[in-house]
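First the structure, in the form of structure tokens, and then the observations on it.
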Amino acid sequence: MRRPMVAGNWKMHGTRASVAELIEGLAEQVLPSGVDVAVFPSSLHVIPVVEGLQGKSISVGAQNCAHEAGQGALTGEISSSQLADAGCKLVLVGHSERRQIMGEGDDVLIRKFAAAQASGLTPVLCIGETLEEREAGKTLEVVGQQLDSVIVALGINALVNAVIAYEPVWAIGTGLTASPQQAQDVHAAIRAQLAKENAEVAQGVRLLYGGSVKAANAVELFGMPDIDGGLIGGASLNAAEFGAIIRAAGN
């Protein structure tokens, strides 16, 4: 039985004051014991969030890492080993904003994925299609290729210690949400693709949905058989709303 997971991606949001307020709000939430919870603050706020959530059953992850695991001369980057040293447990790899805006291709993301695991972090591999790709009927082709790039380079067993997040680009921060059935169809295809390589790995990997998830639609989304939780954007910046989404996963 896969354990549900709800993760909050804070993106490029937060000041020292607002982050402290959000941590305080999260600490007050009554959260179900059967759900893994994680938050991904900006790199600037990782350490205060790790310190502020000590003793709480909430893991802290990073939104990005360098493609090199160790320290070195790479100005402006943060290595996965430094993130692990700071107390991070996970790291996002391949979020659509990194792919679309920062121009990160599969070759770079494969190295980041491997670097994360080399430092003991769990990579959360983000995959998803644009609106144009969906309208052209290429959703499964695009998502399948993004996933396959990691499998071909690192092997199916690299996904044993990983999480996959399906985030249709057209639903991120737009207010649009894939219907529960649309999301389930893609999740089922992802799991089937994994099963062709290794059925045991396919059954064990958690598949999260991301894209304008709110408390109002979380129960129906999380009720789908292949959706194991969510990667939450804007709604994770509100402690009460995020707590309600987590409780939805617990149901």
Dipole magnitude of the chain about its Cα centre (Cβ charges: Lys, Arg +1; Asp, Glu -1), debye to nearest 20: 380 debye
Projected-area average for the stretch 131-198 over all orientations - Cα convex hull basis, square nanometres: 5.0 nm²
Efficiency of FRET between residue 141 and residue 27 - r from beta-carbon atoms, R0 45 angstrom, step 0.05: 0.55
Mean Cβ count within 10 Å, highest first, over the residues of peptides 14-22, 88-96, 37-45: 88-96, 37-45, 14-22
23 Å Cα-Cα reach of residue 138 towards lysines, excluding residues that sit fewer than 8 places from it in its own chain: 196
Rough spin-label spacing in nm, given labels placed 7 Å along Cα→Cβ, for residue 181 and residue 102: 3.7 nm
Sulfur and carbon atoms: percent of accessible area, the chain [1.4 Å]: 51 percent
FRET efficiency, residue 203 to residue 47 (Cβ-Cβ, R0 25 Å, nearest 0.05): 0.10
All lysines inside 20 Å of residue 112 as judged from Cα atoms, apart from same-chain residues fewer than 8 positions distant: 11, 89
Accessible area in square angstrom per residue, the stretch 68-132, 1.4 angstrom probe: 46 Å²
Two-site label geometry, residue 118 and residue 54: point separation in nm, points 7 Å out along Cα→Cβ: 3.0 nm
Eligible aspartates and glutamates near residue 214 by straight Cα distance, threshold 15 Å, same-chain separation 8 or greater: 167, 241
Residues residue 71 and residue 1, FRET efficiency given R0 of 45 Å [Cβ-Cβ distance, rounded to 0.05]: 0.70
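The values are calculated or read from the model by the stated rules, or taken from the named source; none is laboratory data. Since this is a predicted model, take the numbers as computed values, not measurements. With ideal geometry, Cβ positions are generated from the backbone for all residues, glycine too; neighbour counts draw on all protein chains shown. SASA here: full protein model, heavy atoms, side chains in, ligands and nucleic acids out. Shrake-Rupley method; radii C 1.70, N 1.55, O 1.52, S 1.80 Å.
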